[in-house]
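Have a look at the structure below, then the notes.
The values are calculated or read from the model by the stated rules, or taken from the named source; none is laboratory data. Predicted model only: the values in this text are computed from it and were never measured. Every residue, glycine among them, receives a Cβ derived from its backbone with ideal geometry; neighbour counts consider all protein chains shown.
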Amino acid sequence: MNQEILDTLAREGYFHLTGNYSQSGYNEVCKALGYLISRLEVRLDKSKRQLVFKAEPIGLHNDSPDVDVIAWYCVTADQDQGQGATDFIDTIDLELRLSKEDQVVLCGLKLHRRIRDTETFVSSAVLERVGGHYKVFFAPWLLRPGYSAEEQSALDNLRNYFDSQPKKSIRMNPGEIVIVDNHRILHGRSSISEESQRHLTRTWIKSPCSKEAR
């Protein structure tokens, strides 16, 4: 099973386990994929400020670039059959679709992000060349005014590329697991009801192949 997941992640960028897994089964799957960085219970919570706890839509994005793999487990599905799906797009062909000039600009363009649970801010490039391919880091809420004309043009072209990519929507049922390559797949969702009972467990994973995990 673990090799099947890894092979599918390398080929497709994501893996959807549709069986009725237990929380302990989900934990074992996560542990087999690498070092567990953090775990978060994703459900509506008006006392918290992060977007992930709110009903409003969440634009397509990558999570922290420190995270190699994201795994979600569905505890409770949205009671509205038309809501609660997560949207995904694949950036595997980005290098073929963006100009070399835009790629160079985006490799030098940094987004400033806060390290989770701290007040420390760091900068990470939108594109990073690693092992013959690009790692992508993008979150629309991190964009700021004041980019040069060249930077703004590259960002516009990148967002147009995202918009042109086929979108896959997965509405998870209880016991299902979805795993994605965080450096390749962007994810987001449309708005949900303020009464939504949707509850996912999200785990951030560092691959054992990553330098930082050794």
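At-a-glance table
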{"quantity": "Pair list, Cβ under 7 Å, 6 or more apart: region 93-105 residue assigned to a loop (DSSP other than H, G, I, E, B), other residue at pLDDT 95 or above and surrounded by 11 or more Cβ atoms within 10 Å (Cβ to Cβ)", "calculated": "Leu98/Asn157; Leu98/Leu158; Leu98/Tyr161"}
{"quantity": "Region 103-150 - residue that is among the aromatic types (Phe, Trp, Tyr) and touching a strand residue (DSSP E or B) at 6+ places or on another chain (Cβ under 7 Å) and, of those, nearest to Pro57 (Cα to Cα)", "calculated": "Phe138"}
{"quantity": "Residue match in region 107-128 (condition: of a type in the set (Ser, Thr, Tyr), free of Cβ contacts under 8 Å to residues at least 24 places away in the same chain and out of contact with any His (no Cβ under 6 Å at 6 or more places or on another chain))", "calculated": "yes"}
{"quantity": "Subset of region 99-132 (residues that are within 20 Å of Tyr147 (Cβ to Cβ) and aliphatic (A, V, I, L, M))", "calculated": "Val104, Val105, Leu106, Leu109, Leu111, Val122, Ala125, Val126, Leu127"}
{"quantity": "Residue check for Thr203: among the hydroxyl-bearing types (Ser, Thr, Tyr), under 16 Å from Asp66 (Cα atoms) and in a loop (DSSP other than H, G, I, E, B)", "calculated": "no"}
{"quantity": "Residue identified as in contact with a helix residue (DSSP H, G or I) (Cβ under 7 Å, 6 or more places away or on another chain), in contact (Cβ under 8 Å) with a residue 24 or more places away in the chain and either surrounded by 16 or more Cβ atoms within 10 Å (Cβ to Cβ) or within 21 Å of Glu128 (Cα to Cα) (or both) among Tyr21, Tyr73, Tyr26", "calculated": "Tyr73"}
